[in-house]
Amino acid sequence: MILNLLLSSIAVVLYLLFGITGIYPGAVDTINALRSQPTPNFYLVNLTLMTIFLGVFFVWLYISITRVYRKSLKAQSIFIFIATIFTPLVVGMPQLLFSYNNLDPLFTWLLAVAWVFVIWMCLDISVGLWKASSSPDAYSFVATLDPRLTKGLWSFTNKVLDLPRTPFKNWRLGFAYLLAFSGSVLLLASLVYFVTIGSISNKAAQLLAACNASNMQSCAVQSATWAKQIGLWIIPAFLGIQIAVTVQSSARRLCGMSVTEALRESKGRYALYLRPFGIDETLLPKPKLPLISRLLSIRPFPTRIEEELFDVTDGYIPLIAVGNPTANKDTAGGLAFRDWVDDEHWQSYVRNKIKEAESIVLLLDSTRGVLWELENVIEQSAAPKTMFLFHPRAQRPEDWQDLTRQIIPVLISNKLLPADFQFASRAMGFYFVDSELVEIYNSNWSTTSYRTAISCYLSDRAPIKHQAT
């Protein structure tokens, strides 16, 4: 919403100063509405004030969600609810009555659908904000886009737009960045067109302002033309959303680098990802989303744990891992940067990486390799910088019990836990803060669950000098 408002404002300014049109499709109807007004200066003042108000409101809304300002979220929820009730009565009803009495029936039907969709979407947002304001789990919202896990405005902007965080280091990364950027433009244009039903409310406002008894017939013809155009383009706009997501995912896969290249960029800082190789092909369940969020989702689901971990760390600290020797050795993007090590040297490699890592994520399982990694993390006194996450199969109570029967004794024998320790409930992970165990709970065990866990953990460990303002 913020980006759309910014681009629309730039397009309007370019039109006013230089008469340039067509810069941004989302602003075409706003410019046409400005042209059709009998008192354009008055309309322009109102448009400017509304743009400033919406810009401030959207930024306040964004900050309130990511910082979990509960009173602000409640106030925003109430404001959106009231606006949702009154705006259709004040703006929508006159448009619908005028359209019903004078314009093309298909145009009227699409206009009604647009207003129903707007009401539905705004009420959904209002309810969501209210739930967020009273949710005991603040970290889920903070983890969505924690500014502490970026290094400067460039990385933060790219993270907001879901663009590669390290572009232009070579031709392949530069191409991937341009591909991702084109996907973002397609996504924004398609999403705005679909959500506004071809900006039909703006078109209705133009006709309401410009039409009278002398030209009503031509207005009806214009509305019929617009209705056919919207009907023709609404499905491609929805498909454009899905295509844009696919383009961005493809761009992400092109952004692979070697461990050496990644560490050179970070000056040696890295997070180490230790896991059983079998998890590389395990898909996490989709997060539980409201219907409208599933309809307009701009993230591909389901995904793998590693994709979620990488997306959190990208632009902040490289995530590195040992590559599966039986897998493809291409440096695919969107995953941890890999080193492929033979059977004779992998243990010494991992020991060295455990020692030098800034943070570690260890996915706990009952395989011999993971249990060896757990023992070595403890032996090297690296437990305080490690997040321990249970394998997704531990969502089943019997598997969780089986894993904890193997993990807890190791921690007790190394005096990290008291002899009588028991988890308070079925935790999906844990970590240590000042020798105290912090248990992580999330009943969904979905993509968002693991993303939230790693984001909160790394954010809490983020050095002050790497926190974004």
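If a residue must be under 19 Å from residue 366 (Cα atoms), in contact (Cβ under 8 Å) with a residue 24 or more places away in the chain and in contact with a Ser or Thr (Cβ under 9 Å, 6 or more places away or on another chain), how many such residues does region 408-426 contain?
Residues flagged as under 19 Å from residue 366 (Cα atoms), in contact (Cβ under 8 Å) with a residue 24 or more places away in the chain and in contact with a Ser or Thr (Cβ under 9 Å, 6 or more places away or on another chain) within region 408-426 amount to 1.
Quick one: which of 239, 263, 232, 272 is assigned to a helix (DSSP H, G or I), within 18 Å of residue 315 (Cα to Cα) and among the aliphatic types (A, V, I, L, M)?
On inspection, the qualifying residue turns out to be 263.
For the subset of region 244-260 comprising residues that are assigned to a helix (DSSP H, G or I) and of a type outside the set (S, T, N, Q), which member is farthest from residue 357 (Cα to Cα)?
Filtering region 244-260 for residues that are assigned to a helix (DSSP H, G or I) and of a type outside the set (S, T, N, Q), the one farthest from residue 357 (Cα to Cα) comes out as 244.
Quick one: is residue 38 modelled with pLDDT under 80 and either closer than 21 Å to residue 121 by Cβ or not basic (Lys, Arg) (or both)?
Criteria met by residue 38.
Residues checked against (1) more than 14 Å from residue 66 (Cβ to Cβ); (2) among the acidic types (Asp, Glu); (3) at pLDDT 90 or above:
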| residue | (1), (2), (3) |
| --- | --- |
| 110 | yes, no, yes |
| 121 | yes, no, no |
| 140 | no, no, no |
| 155 | yes, no, no |
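Can you tell me which residues in region 164-197 are of a type in the set (Gly, Ala, Ser) and either over 20 Å from residue 311 (Cα atoms) or in a loop (DSSP other than H, G, I, E, B) (or both)?
Correct list: 189, 190.
Would you check which residues across region 11-33 are among the polar types (S, T, N, Q) and either under 21 Å from residue 1 (Cβ atoms) or in contact (Cβ under 8 Å) with a residue 12 or more places away in the chain (or both) and list them?
30, 32
What pairs come up if the first residue lies in region 390-401 and is on the phi < 0 side of the Ramachandran plot, the second is polar (S, T, N, Q), and their beta carbons are under 8 Å apart, counting only those six or more places apart or on different chains?
Partner pairs satisfying both residue conditions: 392/282.
Does residue 230 meet the test of being in contact (Cβ under 8 Å) with a residue 24 or more places away in the chain and more than 30 Å from residue 364 (Cβ to Cβ)?
In short, yes.
Please determine, by comparing only the residues of region 390-436 that are among the aliphatic types (A, V, I, L, M) and at pLDDT below 90, which one is surrounded by the most Cβ atoms within 10 Å (Cβ to Cβ).
Only one residue tops the list, namely 433.
Residue 14 - would you say it is in a helix (DSSP H, G or I), among the hydrophobic types (A, V, I, L, M, F, W, C), under 28 Å from the mean Cα position of the chain (by Cα) and closer than 24 Å to residue 189 by Cβ?
So residue 14 does not fit the description; no.
Go through region 326-385 and give me each residue that's within 18 Å of residue 263 (Cβ to Cβ), assigned to a loop (DSSP other than H, G, I, E, B) and of a type in the set (D, E, K, R).
Within region 326-385, just 358 meets the criteria.
Here's the yes/no breakdown for (1) more than 10 Å from residue 273 (Cβ to Cβ); (2) in contact with a Leu (Cβ under 6 Å, 6 or more places away or on another chain); (3) not aromatic (Phe, Trp, Tyr):
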| site | (1), (2), (3) |
| --- | --- |
| 325 | yes, no, yes |
| 335 | no, no, yes |
| 338 | no, no, yes |
| 343 | yes, no, yes |
| 346 | yes, no, no |
| 349 | yes, no, no |
| 354 | yes, no, yes |
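Within region 102-110, can one find any residue that is assigned to a helix (DSSP H, G or I), aliphatic (A, V, I, L, M) and surrounded by 17 or more Cβ atoms within 10 Å (Cβ to Cβ)?
yes
The values are calculated or read from the model by the stated rules, or taken from the named source; none is laboratory data. Remember, it's a predicted structure, so these values are computed and weren't measured experimentally. Cβ: placed from backbone, ideal geometry, glycine included. Neighbour counts: every protein chain shown.
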